[in-house]
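Okay, structure first, notes after.
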């Protein structure tokens, strides 16, 4: 937000993180979404994750497209620059922003209409390029701002608020992202903060394309009996594949997962992801298995959640393009302009 | 049989089959004449095809410097039996036809001179490999022309050596083919041609290059670090030129890493989105496209306009509408760029007229876009973009600094009590902006395409929105201060008739003005180089009774733009419009104007001009 200085009044005893900041310092403006909207819980989880990681808000850029989901970046991280772009086109803006300065942490916030409908092409290519972004889809299966049309993630046979049945098969963004080579793919539920916050933290620390497809019920248009994206339906059909703990660099691993069910995944900066596999046969490092499991779950009417797939080996877009370590927006005129002597040589090559 | 005789003033045309390797041979002729010190303008007239269809290459040589396209061919090299009929018909009486006489033909024209060279037979006798035979046929006619037109053979040998630097094995057979043609002509075609090149030094200080090459180079000099683009004729080579020069000048010697990013996007929507994202972060970024790409980009253009984010868009115009004529030229995107996107939008346009201006405007466009925090269109066209032009060498002043516009630093922010992203602090309509990551506590805001107040907050208050729109208009109205001024062909306006033109029409204009003067119709001419128009443009129109507006489109788009932006009596304008996809000719301009001015029976308007 552009600023007019005003006093910040915090309770003196609020808990502080390593930067000396409280959770309140990570808040945004007051939400204008419907009371009970899943998206607000996701905003709260983002605040929690950033606070826990002691991230400096000014080093985060939050980008979105259009729709209810895309409004939500206003509601967290006031000190982070935000960019509410055009419908479905956030991935390209984020790609350009990342090319300009790969040192910032990019948080993309989108919805199912924005990502699986109008913007599916840009989403796919951002995943394919391995854009270094935490890409959150606030997935409610419906177009909320235009009052309840089906979106492309809405399940076949699911009913609209007005009783209409969705006749088309859904797009599974997580399965698609895995196929496209995204380095980190998770799915969660806005109502499960314990699962969502560690997943967000891990995604933000992951270098490469990390998608978190978050089922986030629309209390106004898609939370009724007969909908497969309602709070009740998701609670009943949620099947978590893993429990996740994010251990920042230099900290001891304290989680007490059972031996044999634990997988440690080192990230680029040395931090460790510790996973407890809740299902014996699940392995989030196995791409084929991840896709197969998602397909099976869909057949059985289950919603698989947790960290579905991770590939810690990948290079991100800036690395693939061999871009200098100094961000491109930080070079001086002299470093960018070849000057008149070199131009004389160019002239000589053209006569 | 009369023979056309001319020294250093002629048009030679090559009719080839696309994909037969003729392009580099034809280019060699153009360069050979250029290196003989004679200005040339080669034009590649090619199909939207990779192999098989007819393709032509026209070279006009003119020591007078008349480098617009000229209809009527003095010398035709007909290499494509598919197009013989139309090629032969184009030759001026007394002109020449050179063809591959390995297969003898009758051409049924008594008024032209036929020059027979058995190109295929010569190559079959000399070379073994069938593919080589085909390619060297082209070099054989280069050699023959070298003799016939008295272009020094050494120049071609030098060009071959340059072309195959690093592949030295190829030099000898190429030179051999050249010599074969030369010697054949020397033996069999003495005095066959009276069109000659006489060495001069008129191209000293000049280069032969195309606008896309120049534009890409200009982006490197202008400090662009991100090019996001999607392939589309005729703009592709601009992006490729940027990459080529970045590979030369922008790779860190120590680390081997790039001080640039070159991204082929999935479509034009993504390419402009990326360019906007990078500029939002303060990295100079551009995209290059043509008409269909502009159509796709317009939603994003509106966002950049309203959220006030710099972005540079090169539009290398081609024949429209729709897919249109992708490989032909037009100036038909004036309106689609000037008013691109929904709602009230207006955009800055720079209109270069030759490769040198493509270089200069490319470099300047980033300063202008940063200064005004708005999209800038650079409107070139296929003729400038893809054809080589004889133009002055590129120049650069090392003391020049980039104008990055009103960007607040951390120190600036620390000193400020308050700041609003869209506040008109200086009264010029241009607000101050911040870049992400500049300051830990100050300067962050939410960039948005929805209505917003001076502090970037979402508002639905119509009055606030109207205030914001008016400020953006104020910014636009002051933009001309930063833009290239019009160029006048005369020191003092002396005629009651004026002529306005722009872009690639420049090539034909001097010749046309000279023709008009010689016919007793002297006219004052002004070349418009940017939009919004400056006072000089309106003054010029004011000072003339009538103004001819020469455009390469059907609908007189520049006229429409001038009428909608200025307080002008529409009857003052008389349009001269060429939209057949071929570069406009001086003859067409002059004849159109003379016809209007001479025709007593036409409308009252024409009556009054007399």
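The values are calculated or read from the model by the stated rules, or taken from the named source; none is laboratory data. Computed from a predicted model, the values in this text were never measured in an experiment. We place every Cβ from the backbone using ideal geometry, glycine too, and count neighbours over all the protein chains shown.
Points to keep in mind about this one:
- Residue B:401 closer than 30 Å to residue B:38 by Cβ and in a loop (DSSP other than H, G, I, E, B): no
- When each of B:201, B:183 is tested for being surrounded by fewer than 24 Cβ atoms within 10 Å (Cβ to Cβ), more than 14 Å from every other protein chain (Cβ to nearest Cβ) and farther than 30 Å from residue B:315 by Cα, the lone residue that passes is B:183.
- Inclusion of residue B:515 among residues that are touching a helix residue (DSSP H, G or I) at 6+ places or on another chain (Cβ under 6 Å), under 20 Å from residue B:62 (Cβ atoms), assigned to a helix (DSSP H, G or I) and not assigned by TED's automatic domain parsing to the domain that holds residue B:56 is warranted.
- The helices (runs of 4 or more DSSP H) located wholly in the stretch B:223-315 that include 2 or more residues which are closer than 23 Å to residue A:60 by Cα occupy B:268-280, B:291-307.
- Every residue from the stretch A:65-96 that is at the interface with chain B (Cβ under 7 Å from one of its Cβ atoms), touching a helix residue (DSSP H, G or I) at 6+ places or on another chain (Cβ under 8 Å) and within 15 Å of residue B:449 (Cβ to Cβ): A:82, A:83, A:84, A:85, A:86, A:89, A:92, A:93
- Pairs where the first residue, in the stretch B:15-35, is within 13 Å of another protein chain (Cβ to nearest Cβ) and the second is assigned to a helix (DSSP H, G or I), C-beta under 6 Å, 6+ apart: B:31/B:159; B:32/B:155; B:32/B:156; B:35/B:155
- For the stretch A:101-108, the criterion of being more than 14 Å from every other protein chain (Cβ to nearest Cβ), surrounded by 24 or more Cβ atoms within 10 Å (Cβ to Cβ) and touching a residue at least 12 places away in the same chain (Cβ under 8 Å) is met by none of the residues.
- Tally, over the stretch B:424-464, of residues that are more than 39 Å from the chain's Cα centre (by Cα), in a strand (DSSP E or B) and in contact (Cβ under 8 Å) with a residue 24 or more places away in the chain: 0
- Filtering the stretch A:311-328 to residues that are in contact with a strand residue (DSSP E or B) (Cβ under 9 Å, 6 or more places away or on another chain) and not in a loop (DSSP other than H, G, I, E, B) leaves A:317, A:318, A:323, A:328.
- So residue B:299, is it surrounded by fewer than 24 Cβ atoms within 10 Å (Cβ to Cβ), more than 7 Å from chain A (Cβ to nearest Cβ) and touching a residue at least 24 places away in the same chain (Cβ under 8 Å): no
- Criterion (under 30 Å from residue A:348 (Cβ atoms) and part of a helix (DSSP H, G or I)) met by exactly one of B:394, B:361: B:361
- Lone unmet requirement of (1) within 11 Å of another protein chain (Cβ to nearest Cβ); (2) closer than 30 Å to residue B:57 by Cα; (3) surrounded by 18 or more Cβ atoms within 10 Å (Cβ to Cβ) for residue B:448: (2)
- Looking only at residues in the stretch B:364-391 that are within 14 Å of chain A (Cβ to nearest Cβ) and part of a helix (DSSP H, G or I), the one that is surrounded by the fewest Cβ atoms within 10 Å (Cβ to Cβ) is B:367.
- When restricted to residues that are under 22 Å from residue B:437 (Cβ atoms) and more than 7 Å from chain A (Cβ to nearest Cβ), the stretch B:271-285 contains 2.
Here is a yes/no grid of residues against (1) assigned to a helix (DSSP H, G or I); (2) over 27 Å from residue B:89 (Cβ atoms):
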{"position": "B:115", "(1), (2)": "no, no"}
{"position": "B:120", "(1), (2)": "yes, no"}
{"position": "B:123", "(1), (2)": "yes, yes"}
{"position": "B:139", "(1), (2)": "yes, yes"}
{"position": "B:142", "(1), (2)": "yes, no"}
{"position": "B:145", "(1), (2)": "yes, no"}
{"position": "B:156", "(1), (2)": "yes, yes"}
{"position": "B:160", "(1), (2)": "yes, yes"}
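- Scanning the stretch A:311-331 for residues that are more than 9 Å from chain B (Cβ to nearest Cβ) and either touching a helix residue (DSSP H, G or I) at 6+ places or on another chain (Cβ under 8 Å) or closer than 22 Å to residue B:402 by Cβ (or both) yields A:311, A:320.
- Every condition in (1) crowded, with 23+ Cβ neighbours inside 10 Å; (2) under 12 Å from residue A:210 (Cα atoms) holds for residue A:128 except the one numbered (1).
- Scanning the stretch A:43-56 for residues that are under 19 Å from residue A:187 (Cβ atoms) and touching a helix residue (DSSP H, G or I) at 6+ places or on another chain (Cβ under 7 Å) returns A:43, A:45, A:46, A:48, A:49.
- Residues located in the stretch B:328-340, provided they are crowded, with 19+ Cβ neighbours inside 10 Å and either at pLDDT below 95 or assigned to a loop (DSSP other than H, G, I, E, B) (or both): B:328, B:329, B:330, B:331, B:332, B:333, B:340
- Scanning the stretch B:418-434 for residues that are crowded, with 20+ Cβ neighbours inside 10 Å and within 7 Å of chain A (Cβ to nearest Cβ) gives B:419, B:421.
- Test: residue in the stretch A:29-43 that is out of contact with any strand residue (DSSP E or B) (no Cβ under 6 Å at 6 or more places or on another chain), assigned to a loop (DSSP other than H, G, I, E, B), modelled with pLDDT of 95 or more and within 11 Å of chain B (Cβ to nearest Cβ): no
- Cβ-Cβ contacts under 6 Å between residues 6 or more apart (or on different chains), taken from a first residue in the stretch A:299-313 that is farther than 10 Å from residue A:238 by Cα to a second residue that is surrounded by fewer than 18 Cβ atoms within 10 Å (Cβ to Cβ) and modelled with pLDDT of 95 or more, are absent.
- Of all residues making up the stretch B:243-270, the number that are within 8 Å of chain A (Cβ to nearest Cβ) and over 22 Å from residue A:324 (Cβ atoms): 4
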